[in-house]
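The values are calculated or read from the model by the stated rules, or taken from the named source; none is laboratory data. A quick note: this is a predicted structure, and the numbers were derived from the prediction, not measured. Note: ideal-geometry Cβ built from the backbone for every residue, glycine included; neighbour counts use all protein chains shown. Ligands, DNA and RNA are stripped out before the accessible areas are found, and what is left, the full protein with its side chains, is counted by its heavy atoms. Shrake-Rupley method; radii C 1.70, N 1.55, O 1.52, S 1.80 Å.
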Amino acid sequence: MSKAENPAGAGRLLVLMRHAKSDWPDMPDHERPLAKRGRRDAPEVGRWLGEAGYLPDAVVCSTAQRARETWALASPGLSAAAPGATPEVHYEPRIYEATVLGLLMLVREFDPTWRTVLVVGHNPGLAELTVGLADPSAEQPAAFPTAFVAVLALPGAWAEATPGEASLLAFTIPAQLRA
């Protein structure tokens, strides 16, 4: 389990991270790399995760190049801030272009031994999953830019993940980390 506070004995922590800023070269969307800003932001976000204590047991990452690069750059930042943090990594093609329902179904399939999972993926799916899982009476983020991180506490098992029942524990974007 994460070292971060887990209120009310939450069953699981779901950490959602949108890929960092990507470049737009003339190539298929799935193969687009990170832009210079993305290569700068990803390590900062990884370091924030480690410093905040959101240490994943597993990372489930989109197969898109920009998502894979985001995790590859965030991982050393996480490890530097939290030595020994070495989550198992799974590259999941269903995250690319996933709908909110597809992402929820994926979460419900997570290994029940995982307590904290980081999903590295794309919008609009990750933004919609954040809003969909979070308690609707809680304040929601105004925007979901590249490299955002949302930390949700789910009250039960992954298989029981239900819309509107999670607590949004933290939300950050790279611009806040540089401020």
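Which residue out of LEU152, LEU177 is at negative phi, surrounded by 15 or more Cβ atoms within 10 Å (Cβ to Cβ) and modelled with pLDDT under 95? Explain how you work it out, then say what you get.
Working: LEU152 fails: modelled with pLDDT under 95.
Answer to the check: LEU177.
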Please pick out the residue among ALA85, ALA166, ALA142, ALA138 that is of a type in the set (A, V, I, L, M), more than 13 Å from the chain's Cα centre (by Cα), open to solvent by 50 Å² or more (accessible area, probe 1.4 Å) and at negative phi.
ALA142
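Look at VAL131 and say whether it is open to solvent by less than 10 Å² (accessible area, probe 1.4 Å) and not small (Gly, Ala, Ser).
Details: open to solvent by less than 10 Å² (accessible area, probe 1.4 Å): no; not small (Gly, Ala, Ser): yes.
Against the criterion (open to solvent by less than 10 Å² (accessible area, probe 1.4 Å) and not small (Gly, Ala, Ser)), VAL131 does not qualify.
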Anything in segment 132-147 that is over 19 Å from ARG37 (Cβ atoms) and part of a loop (DSSP other than H, G, I, E, B)? List them, or say none.
ASP135, PRO136, SER137, ALA138, GLU139, GLN140, PRO141, ALA142
Of all the residues that make up segment 161-170, how many are outside any loop (DSSP other than H, G, I, E, B) and touching a residue at least 40 places away in the same chain (Cβ under 8 Å)?
4
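Do we have any residue at all in segment 121-131 that's part of a loop (DSSP other than H, G, I, E, B), among the hydrophobic types (A, V, I, L, M, F, W, C) and either more than 29 Å from TRP24 (Cβ to Cβ) or touching a strand residue (DSSP E or B) at 6+ places or on another chain (Cβ under 8 Å) (or both)? Before the answer, list the steps.
At the first step, the residues of segment 121-131 found to be part of a loop (DSSP other than H, G, I, E, B) are 122-124.
In the following step, the residues that additionally are among the hydrophobic types (A, V, I, L, M, F, W, C) were identified as none.
Looking for residues that are part of a loop (DSSP other than H, G, I, E, B), among the hydrophobic types (A, V, I, L, M, F, W, C) and either more than 29 Å from TRP24 (Cβ to Cβ) or touching a strand residue (DSSP E or B) at 6+ places or on another chain (Cβ under 8 Å) (or both), one finds none in segment 121-131, hence no.
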Answer with yes or no whether VAL15 is closer than 27 Å to GLY156 by Cα, open to solvent by less than 10 Å² (accessible area, probe 1.4 Å) and touching an Asp or Glu at 6+ places or on another chain (Cβ under 8 Å).
no
Restricting segment 88-97 to residues that are part of a helix (DSSP H, G or I) and of a type outside the set (Lys, Arg), which is surrounded by the fewest Cβ atoms within 10 Å (Cβ to Cβ)?
PRO93
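Okay, residues lined up against (1) closer than 24 Å to PRO155 by Cα; (2) hydroxyl-bearing (Ser, Thr, Tyr); (3) assigned to a strand (DSSP E or B):
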residue	(1), (2), (3)
ALA42	no, no, no
ARG66	no, no, no
GLU69	no, no, no
SER79	no, yes, no
THR113	yes, yes, no
Checking the structure you have, find out if any residue of segment 98-105 is over 22 Å from GLY11 (Cβ atoms) and either in contact (Cβ under 8 Å) with a residue 24 or more places away in the chain or not in a helix (DSSP H, G or I) (or both).
yes
SER137 versus (1) in contact with a strand residue (DSSP E or B) (Cβ under 7 Å, 6 or more places away or on another chain); (2) modelled with pLDDT under 95; (3) under 19 Å from THR162 (Cα atoms): which is the lone unmet condition?
(1)
If we ask which residues in segment 28-68 are open to solvent by 40 Å² or more (accessible area, probe 1.4 Å), under 14 Å from VAL89 (Cβ atoms) and in contact with a Pro (Cβ under 7 Å, 6 or more places away or on another chain), their number turns out to be 1
